[in-house]
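Just below is one structure, and these are the notes that go with it.
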Amino acid sequence: MAYVIGLDIGTTSTIGILIELPSRVVGIVSRPVTLKSPHHGWAEEDPAEWWGNVQAICRELIGLEHTDPAAIGAVGVTGMLPAVVLLDEAGRVLRPSIQQSDGRSGREVAELRAERDEAAFIAHAGNGINQQLVTAKLRWIERNEPDVFSKIATVFGSYDYINWCLTGEKTVEQNWALEAGFVDVAAGLLDDDLISWAHVAPEVVPRKVASHEIIGRVTAKAAERTGLAPGTPVVGGAADMVASAFGAGVNQAGDVLLKFGGAVDILTATDLVRPDPRLFLDYHLIPGLFMPNGCMSTGGSALNWFIATFAGREEMLAKEAGITVYRYLDQMAAEKPAGAEGVTILPYLLGEKTPIHDANARGVISGLTLSHDIGHLWRALLESYAYALRHHIDVLNDMGHQTTRYLVSDGGAQSRVWMQIVADVLGAPVQCLTGHPGSCLGVAWTAAMGAGLADDWSGVTAFVGTGDLIAPEAGNRAVYDAGYATYRALYRPSA
């Protein structure tokens, strides 16, 4: 028997999965993570907390079935992208990590745009000039924390940090490097000029590695802390959203994952490299493929905000009925016609990332009258994310990418009402998944491939089942075509 561990360094929790090859999930465990925002727009975490979680999680996974640590053939780590972790020459963490959702570096982004032609930069680096760039975050540190900046000896990501804790090897996984803005996308190599644009020496960025590449082995010290066997192979790892899409079965052109978590994401597979400022470009975990993708600022987080702000009465009624408030509101929304009788919402409640990249964008509720109730508003909110996904698909198609098979995952996909709306707005069936544990599965299979324990990338789909295939209701097409036009017209770019 061969086992593999996958670890996910997530924003709100650290998650670990133990799989037995070829197709059994032994167990999944997690530990909470503290996200701190000491100032408006900041998002920071303590890397030591991640490492402490990993130690506890590995021991718990090994103990689930009293697994022999020597039977664990590989470890893979995934995480949020692109978090920034800084070390000094002695390997000490210089400050809390700056998370991918951090919004402090708007001034630096404006400076970067003034310094370089963005079209030329996109052609060179594969992604646009925005707050995802590690360059912007490093420039912020240079300006505001010069003492920290002067001590930087290593800059890498969340899962790169855990890989270093496990193996003693400093590397950057290919997708962290790409979204950081440090890769010449045509050559596939770290670029000294791009790194130097962050005002740091090229050598502070460790060597770039492929996701499935074995970067090192668990050290004796890490083995003592985690319960893993010394010498266990560790691979380069993966960006969390890429690992999740891969685990869902997005592995050939035309496959699309619609991911309904705290934010709503859309990811597709392609062998075409077509950088575009509207979306992000990442490497697929399967060598030779890429994964253009979009990430909205909100999703489930906006639904939670709506409930906390407007649905106190509905929460009480749902509790009395013995159901969740989400299901209760879904039932109300299902009673309303497509288009929410003229109510349209623009869900830019935290600004918006893709495809408009406007941190100053704001939410809008349009068409509201005294004849509408909370059921209309809930339906309009669900419809708004379906419209946003259609916007992304229009962009993907405009870029020349196929979008033919739609898979849906994460918590929001449990809402049949929401998924029917999505199918109707897209005018295409959506395939629900069952048993998909998320990013930890995708990186575990990547580790299995890298360590030679598996030989078929598509084998990851054996862990995930398919649920309902939700077909669009043809009678709603005209209403949603008109609603989409209204949705697109509501946005006005900020000055």
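The values are calculated or read from the model by the stated rules, or taken from the named source; none is laboratory data. The model shown is predicted, which means the values in this text are computed figures rather than measured ones. Note that we place each Cβ from the backbone using ideal geometry, even for glycine, and neighbour counts take in every protein chain shown.
Observations
- Wholly within the range 388-495, helices (runs of 4 or more DSSP H) carrying at least 2 residues that are out of contact with any Cys (no Cβ under 7 Å at 6 or more places or on another chain), closer than 30 Å to residue 159 by Cα and assigned by TED's automatic domain parsing to the domain that holds residue 259: 439-450
- Qualifying residues in the range 131-165 (those that are assigned to a helix (DSSP H, G or I) and among the acidic types (Asp, Glu)) - the one surrounded by the most Cβ atoms within 10 Å (Cβ to Cβ): 160
- As a summary of the residue check, residue 394 satisfies the conditions (1) surrounded by fewer than 18 Cβ atoms within 10 Å (Cβ to Cβ); (2) over 25 Å from residue 329 (Cα atoms); (3) among the charged types (D, E, K, R); (4) touching a strand residue (DSSP E or B) at 6+ places or on another chain (Cβ under 9 Å) except for the one numbered (4).
- Selection within the range 390-421 - farther than 19 Å from residue 438 by Cβ and among the polar types (S, T, N, Q): 397, 402, 403, 404, 420
- Candidates are the residues of the range 128-171 that are modelled with pLDDT under 95 and among the polar types (S, T, N, Q); the one that is nearest to the chain's Cα centre (by Cα) is 132.
- Some residue of the range 345-359 being buried (at least 23 other Cβ atoms within 10 Å of the Cβ), part of a loop (DSSP other than H, G, I, E, B), in the same structural domain as residue 490 (by TED's automatic domain parsing) and in contact with a Ser or Thr (Cβ under 6 Å, 6 or more places away or on another chain): yes
- Considered as a group, the residues in the range 12-66 that are buried (at least 20 other Cβ atoms within 10 Å of the Cβ) and aromatic (Phe, Trp, Tyr) include one that is nearest to the chain's Cα centre (by Cα), and that residue is 50.
- Any hit, the range 157-170, residues being farther than 30 Å from residue 223 by Cβ and in contact with an Asp or Glu (Cβ under 7 Å, 6 or more places away or on another chain): no
- Verdict on residue 333 being part of a loop (DSSP other than H, G, I, E, B) and within 25 Å of residue 481 (Cβ to Cβ): no
- Test: residue in the range 310-323 that is out of contact with any Asp or Glu (no Cβ under 7 Å at 6 or more places or on another chain) and among the aromatic types (Phe, Trp, Tyr): yes
- Lone qualifier among 198, 180, 210, 186 - being surrounded by fewer than 24 Cβ atoms within 10 Å (Cβ to Cβ), more than 26 Å from residue 57 (Cβ to Cβ) and not assigned by TED's automatic domain parsing to the domain that holds residue 296: 186
- Hits in the range 465-494 (condition: without any contact (Cβ under 8 Å) to a residue 40 or more places away in the chain and among the hydrophobic types (A, V, I, L, M, F, W, C)): 474, 478, 485, 489
- The residues on offer are 480, 487, 491, 406, and the sole one that is of a type in the set (Phe, Trp, Tyr) and in contact with a Ser or Thr (Cβ under 7 Å, 6 or more places away or on another chain) is 487.
- Of all residues in the range 393-440 being free of Cβ contacts under 8 Å to residues at least 12 places away in the same chain and not acidic (Asp, Glu), the one that is nearest to residue 293 (Cα to Cα): 397
Yes or no, residue by residue, for (1) among the small types (Gly, Ala, Ser); (2) within 30 Å of residue 443 (Cβ to Cβ); (3) surrounded by fewer than 16 Cβ atoms within 10 Å (Cβ to Cβ):
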residue	(1), (2), (3)
292	no, yes, no
300	yes, yes, no
303	no, yes, no
316	no, no, yes
361	yes, no, no
372	no, no, no
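- A single entry from 457, 418, 445 fulfils the requirement of being within 25 Å of residue 300 (Cα to Cα) and at pLDDT 95 or above: 418.
- Residues that are over 29 Å from residue 145 (Cβ atoms) and either assigned by TED's automatic domain parsing to the domain that holds residue 32 or touching a strand residue (DSSP E or B) at 6+ places or on another chain (Cβ under 9 Å) (or both) are absent from the range 86-97 altogether.
- For the range 406-419, the criterion of a residue being over 21 Å from the mean Cα position of the chain (by Cα) and either over 14 Å from residue 266 (Cα atoms) or among the β-branched types (Val, Ile, Thr) (or both) is satisfied by at least one position.
- Contact map, the range 450-464: residues that are under 15 Å from residue 6 (Cα atoms) and of a type in the set (Lys, Arg) paired with residues that are part of a helix (DSSP H, G or I) and at pLDDT below 95, Cβ distance under 7 Å, separation 6+ or inter-chain. No pairs are found.
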